[in-house]
Amino acid sequence: LQLFQKNEELRNQLASAIERESIPRDKLIKLVKTQEKYSKDATDYLTTKTKEVIAELNTAKDEEKLALINDYRELQHSLDVSFDSSWQNLAWLKQLGVQNERAEAELQDKLDKRMRLLSASMAYLRQQAEIIGTQLSSSPESEKASLQLSQLIVKQRLNIATESLRNLMSIGDKMGI
């Protein structure tokens, strides 16, 4: 995550340089294209790590899930930032007079797939929360603590997915999808 933070600092400097046109245009284009590659690699890496954490969440004991949920939240946030960076790279290139329709179409496709996945995940998690709620209302006291923990974890996952979907919809709005 330190690498991601360092890259954000570089992106801030790049944004300033583009705005002020303080670096020759060709150099700026090269720097943005480097950022494009970084964003693609980061998105691929974070997508893989997110899938791994979800698999761990699905098989872990409830007590272990609490620790994993924080990892999942951080990965989702970083993935959202990576998608936003990809959009910003395309916007910068446009500002510099470079149109990359293929990359824009690829990003739109990735965003669309990701939003559909998050939407389906949210529906599933809502259903799980309802099932657990029903079980809670009819279960003996001895089982309630475990069910409450399960409900907490499901609700946290739902909140994370909802926040991520909002972030991606914001990017989609900027792109006109």
Given pairs K40/K65; K94/K174; K61/K113; K49/K110 and cut-off 23 Å on Cα-Cα distance, the over-length ones are K40/K65; K61/K113
Output row, site Y45, 7 Å Cα→C-beta label point, backbone N cut-off 17 Å, window region 61-87, residues 72, 74-86
So the FRET efficiency between A55 and E163, C-beta based with R0 = 30 Å and rounded to 0.05, is 0.90
Here FRET efficiency (C-beta to C-beta, E143 to A120, R₀ 30 Å, nearest 0.05) is 0.55
Which of (1) 43, 34, 30; (2) 71, 32, 23; (3) 49, 33, 30 is the computed Cα extents along the principal axes in Å? It is (2)
CD proxy, 222 nm, the chain: helix-only mean residue ellipticity via -39,500 (n - 2.57) per DSSP H run with n ≥ 4, per residue, nearest 500, stands at -33000 deg cm²/dmol
Once D62 and F4 are pulled to full extension, the length gained, defined as 0.36 nm per residue separation minus their Cα-Cα distance, is 17.9 nm
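No lab work stands behind these numbers, since they all come straight from the coordinates. Computed from a predicted model, the values in this text were never measured in an experiment. Heads up, the Cβs are rebuilt from the backbone with ideal geometry, glycines too, and the neighbour counts pull from every protein chain shown.
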